[in-house]
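Remarks on the structure that follows.
The values are calculated or read from the model by the stated rules, or taken from the named source; none is laboratory data. As the structure is a prediction and not an experimental result, all values here were calculated from the model. Cβ atoms come from the backbone with ideal geometry, glycine included; neighbour counts cover every protein chain shown.
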Amino acid sequence: MSESDASERDVPQTDTEWREKLDDESYHVMREAGTEARFSGDYVDHFEDGKYRCKGCGEVLFDSSTKFDHGCGWPSFYAAEDANIEKREDLSHGMKRIEVVCANCDSHLGHVFDDGPEPTGKRFCINSVSIDFDDE
């Protein structure tokens, strides 16, 4: 699948379509800005070569070469495919954070922090249930 194929695919348009496409936990995280439990996700300790795509639309979000072990309990990346994500201020839960969402389907992915490694100093802290891995 080419990277441009993601935006051409059918993205759910209604809440009913999203509920049919996603399991309950993915729906809660991606459509209601929830969070999976720490260390529970499939990709926390996953370090194979490939791309991480949005579970909602298939857009490429992260390359495995940018993944690192932060120890926080969620998959961490020091860089994202900038054209495929959006960053938004998140003031929920009494904190000031930067939310990361898929630019193509508006799904919540996680948050980005300024405590990552060089060369960016960023840590994209992403829910495993928001992404799929593609080893091609």
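Structural remarks
- Strands (runs of 3 or more DSSP E) within the stretch 49-105 that include 3 or more residues surrounded by fewer than 21 Cβ atoms within 10 Å (Cβ to Cβ): 85-90, 97-102
- Positions within the stretch 25-73 being in contact with an Asp or Glu (Cβ under 6 Å, 6 or more places away or on another chain) and of a type in the set (S, T, N, Q), in sequence order: Ser64
- Residue match in the stretch 10-31 (condition: among the aromatic types (Phe, Trp, Tyr), in a strand (DSSP E or B) and either surrounded by 15 or more Cβ atoms within 10 Å (Cβ to Cβ) or modelled with pLDDT under 95 (or both)): no
- Residue list for the stretch 114-136, filter: in contact with a Ser or Thr (Cβ under 9 Å, 6 or more places away or on another chain), surrounded by 16 or more Cβ atoms within 10 Å (Cβ to Cβ) and in a loop (DSSP other than H, G, I, E, B): Gly116, Asn127
- Test: Ala6 is surrounded by 20 or more Cβ atoms within 10 Å (Cβ to Cβ), closer than 20 Å to Phe133 by Cβ, among the aliphatic types (A, V, I, L, M) and modelled with pLDDT under 95: yes
- Residue check: Gly110 meets all listed conditions (1) farther than 23 Å from Pro12 by Cα; (2) assigned to a strand (DSSP E or B) but one, namely (1).
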